[in-house]
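Everything on this sheet refers to the single structure shown next.
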Amino acid sequence: MVCPKCGSKKLQVTNSRPVKRNNQVWRRRNCTTCQNTITTREIIDLSGVFRVRKFNSELEPYLKSKILISLLKSLDHMQNSSELAGALTDTVEINLIGASYADIITSRDIANTCLGVLKKFDMSAYVKYLSYQEQLDKRSLKKRL
Ligand SMILES: [Zn+2]
(Lines give C-alpha, C1' and ligand atoms only; values in the text may rest on other atoms or scores of the structure.)
Protein backbone atom coordinates (compact mmCIF):
# COMPACT_ATOMS: atom_id res chain seq x y z
CA MET A 1 0.00 0.00 0.00
CA VAL A 2 1.31 3.46 -0.92
CA CYS A 3 0.44 6.90 0.38
CA PRO A 4 -2.02 8.52 -2.10
CA LYS A 5 -0.43 11.93 -1.44
CA CYS A 6 3.33 11.26 -1.85
CA GLY A 7 3.64 7.65 -3.04
CA SER A 8 5.68 6.49 -0.04
CA LYS A 9 5.31 2.89 1.10
CA LYS A 10 6.05 3.84 4.69
CA LEU A 11 2.56 3.71 6.20
CA GLN A 12 2.18 3.02 9.88
CA VAL A 13 -1.05 1.73 11.43
CA THR A 14 -1.95 4.09 14.28
CA ASN A 15 -5.41 2.74 15.13
CA SER A 16 -7.38 -0.40 14.26
CA ARG A 17 -10.91 -1.50 15.10
CA PRO A 18 -13.18 -4.35 14.06
CA VAL A 19 -16.50 -3.19 12.57
CA LYS A 20 -18.80 -6.06 13.50
CA ARG A 21 -21.84 -4.73 11.61
CA ASN A 22 -19.93 -4.79 8.29
CA ASN A 23 -17.56 -7.68 9.08
CA GLN A 24 -14.68 -5.31 8.36
CA VAL A 25 -11.56 -4.04 10.03
CA TRP A 26 -11.13 -0.28 10.08
CA ARG A 27 -7.56 1.10 10.22
CA ARG A 28 -6.09 4.58 10.51
CA ARG A 29 -2.67 4.80 8.84
CA ASN A 30 -0.09 7.55 9.00
CA CYS A 31 2.50 8.19 6.27
CA THR A 32 5.87 8.56 7.97
CA THR A 33 7.20 10.50 4.95
CA CYS A 34 4.59 13.30 4.54
CA GLN A 35 2.51 12.80 7.74
CA ASN A 36 -0.67 12.27 5.64
CA THR A 37 -3.36 10.27 7.47
CA ILE A 38 -5.56 7.79 5.58
CA THR A 39 -8.31 5.36 6.54
CA THR A 40 -8.53 1.84 5.15
CA ARG A 41 -11.17 -0.86 5.49
CA GLU A 42 -10.28 -4.53 5.25
CA ILE A 43 -13.00 -6.88 3.98
CA ILE A 44 -13.11 -10.60 3.18
CA ASP A 45 -12.73 -11.38 -0.53
CA LEU A 46 -15.50 -13.95 -0.98
CA SER A 47 -14.22 -15.02 -4.41
CA GLY A 48 -11.78 -17.22 -2.50
CA VAL A 49 -14.54 -18.57 -0.23
CA PHE A 50 -17.58 -19.33 -2.42
CA ARG A 51 -18.33 -20.97 -5.72
CA VAL A 52 -21.76 -20.47 -7.24
CA ARG A 53 -24.09 -23.22 -8.51
CA LYS A 54 -25.96 -21.57 -11.37
CA PHE A 55 -29.58 -22.26 -12.40
CA ASN A 56 -28.28 -24.72 -15.02
CA SER A 57 -26.30 -26.59 -12.29
CA GLU A 58 -22.91 -25.43 -13.56
CA LEU A 59 -20.38 -24.13 -11.04
CA GLU A 60 -18.74 -20.76 -11.52
CA PRO A 61 -16.47 -18.55 -9.41
CA TYR A 62 -18.21 -16.12 -7.07
CA LEU A 63 -18.06 -12.56 -8.42
CA LYS A 64 -19.07 -9.62 -6.26
CA SER A 65 -19.35 -7.47 -9.40
CA LYS A 66 -22.30 -9.59 -10.64
CA ILE A 67 -24.26 -8.70 -7.52
CA LEU A 68 -23.29 -5.06 -7.88
CA ILE A 69 -24.46 -4.95 -11.52
CA SER A 70 -27.78 -6.65 -10.75
CA LEU A 71 -28.43 -4.23 -7.88
CA LEU A 72 -27.44 -1.24 -10.03
CA LYS A 73 -30.12 -2.18 -12.59
CA SER A 74 -32.72 -2.29 -9.82
CA LEU A 75 -31.69 1.07 -8.40
CA ASP A 76 -31.43 3.03 -11.65
CA HIS A 77 -34.42 5.20 -10.67
CA MET A 78 -32.42 6.63 -7.77
CA GLN A 79 -30.01 9.56 -8.06
CA ASN A 80 -27.03 8.04 -6.19
CA SER A 81 -27.64 4.52 -7.50
CA SER A 82 -23.97 3.48 -7.82
CA GLU A 83 -23.14 4.48 -4.25
CA LEU A 84 -26.27 2.74 -2.95
CA ALA A 85 -25.59 -0.39 -5.02
CA GLY A 86 -22.08 -0.59 -3.54
CA ALA A 87 -23.36 -0.32 0.02
CA LEU A 88 -26.19 -2.81 -0.60
CA THR A 89 -23.75 -5.26 -2.20
CA ASP A 90 -21.74 -5.19 1.03
CA THR A 91 -24.94 -5.89 2.99
CA VAL A 92 -25.79 -8.80 0.67
CA GLU A 93 -22.31 -10.27 1.22
CA ILE A 94 -22.61 -10.00 5.01
CA ASN A 95 -25.95 -11.84 4.80
CA LEU A 96 -24.43 -14.51 2.53
CA ILE A 97 -21.66 -15.17 5.04
CA GLY A 98 -24.16 -15.42 7.86
CA ALA A 99 -26.57 -17.65 5.94
CA SER A 100 -24.22 -20.45 4.98
CA TYR A 101 -20.82 -21.76 5.90
CA ALA A 102 -20.71 -24.05 2.86
CA ASP A 103 -18.27 -23.30 0.04
CA ILE A 104 -20.93 -23.64 -2.65
CA ILE A 105 -23.89 -21.27 -2.76
CA THR A 106 -26.62 -21.21 -5.38
CA SER A 107 -27.65 -18.38 -7.70
CA ARG A 108 -31.06 -18.72 -6.04
CA ASP A 109 -29.50 -18.08 -2.58
CA ILE A 110 -27.83 -14.95 -3.91
CA ALA A 111 -31.02 -13.73 -5.64
CA ASN A 112 -33.12 -14.35 -2.51
CA THR A 113 -30.58 -12.54 -0.35
CA CYS A 114 -30.61 -9.57 -2.75
CA LEU A 115 -34.42 -9.58 -2.68
CA GLY A 116 -34.45 -9.61 1.12
CA VAL A 117 -32.07 -6.66 1.28
CA LEU A 118 -33.95 -4.69 -1.42
CA LYS A 119 -37.36 -5.35 0.18
CA LYS A 120 -36.20 -3.61 3.35
CA PHE A 121 -34.60 -0.80 1.35
CA ASP A 122 -36.92 0.22 -1.51
CA MET A 123 -40.05 -1.47 -2.87
CA SER A 124 -39.62 -0.35 -6.50
CA ALA A 125 -36.04 -1.64 -6.53
CA TYR A 126 -37.34 -4.91 -5.09
CA VAL A 127 -39.99 -5.23 -7.82
CA LYS A 128 -37.44 -4.43 -10.57
CA TYR A 129 -35.03 -7.05 -9.24
CA LEU A 130 -37.82 -9.63 -8.98
CA SER A 131 -38.88 -8.97 -12.57
CA TYR A 132 -35.26 -9.25 -13.75
CA GLN A 133 -34.91 -12.61 -11.95
CA GLU A 134 -38.13 -13.89 -13.54
CA GLN A 135 -36.74 -13.03 -16.99
CA LEU A 136 -33.56 -14.97 -16.16
CA ASP A 137 -35.61 -17.95 -14.94
CA LYS A 138 -37.65 -17.99 -18.18
CA ARG A 139 -34.47 -17.81 -20.29
CA SER A 140 -32.76 -20.64 -18.42
CA LEU A 141 -35.97 -22.71 -18.58
CA LYS A 142 -36.09 -22.24 -22.39
CA LYS A 143 -32.47 -23.34 -22.66
CA ARG A 144 -33.25 -26.56 -20.77
CA LEU A 145 -36.26 -27.41 -23.02
ZN1 LIG B 1 2.83 10.36 2.20
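Values as computed for the structure displayed
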| read-out | value |
| --- | --- |
| Size of charge dipole - the chain - debye, nearest 20, with Cβ of Lys, Arg +1 and Asp, Glu -1, no other charges | 220 debye |
| Rounded to whole Hz, the Karplus (6.51, -1.76, 1.60) HN-Hα couplings of segment 9-14, x for glycine and proline | 8, 8, 10, 10, 6, 9 |
| Computed [θ] at 222 nm, deg cm²/dmol, the chain (DSSP H ≥ 4; -39,500 (n - 2.57); rounded to nearest 500) | -15500 deg cm²/dmol |
| Pairwise label distance in nanometres, LEU63 with LYS5, each label 7 Å out on the Cα-Cβ vector | 3.8 nm |
| Listed residues ASN56, ASN80, ASN36, most fluctuating in the chain (Gaussian network, C-alpha, under 10 Å) | ASN36 |
| Helix axis angle, 107-121 relative to the chain longest principal axis, alpha carbon, degrees | 70 degrees |
| Between helix 81-99 and the chain: long-axis angle, C-alpha atoms, 0 to 90°, nearest 10 | 80 degrees |
| Residues of the chain: accessible area per residue with a 1.4 Å probe, Å² | 66 Å² |
| Helix 64-74 vs. the chain, principal-axis angle (Cα, 0 to 90°, nearest 10) | 60 degrees |
| Hits among lysines - C-alpha to C-alpha of LYS64 under 24 Å, sequence gap 8 or more where chains match | LYS20, LYS54, LYS73, LYS119, LYS120, LYS128, LYS138 |
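The values are calculated or read from the model by the stated rules, or taken from the named source; none is laboratory data. Keep in mind that what you see is a predicted model, and the values were worked out from it rather than measured. All Cβ positions, even for glycine, are placed from backbone atoms using ideal geometry, and neighbour counts span all protein chains on display. Quick note on the areas: whole protein, heavy atoms, side chains included, nothing else; ligands and nucleic acids left out. Shrake-Rupley method; radii C 1.70, N 1.55, O 1.52, S 1.80 Å.
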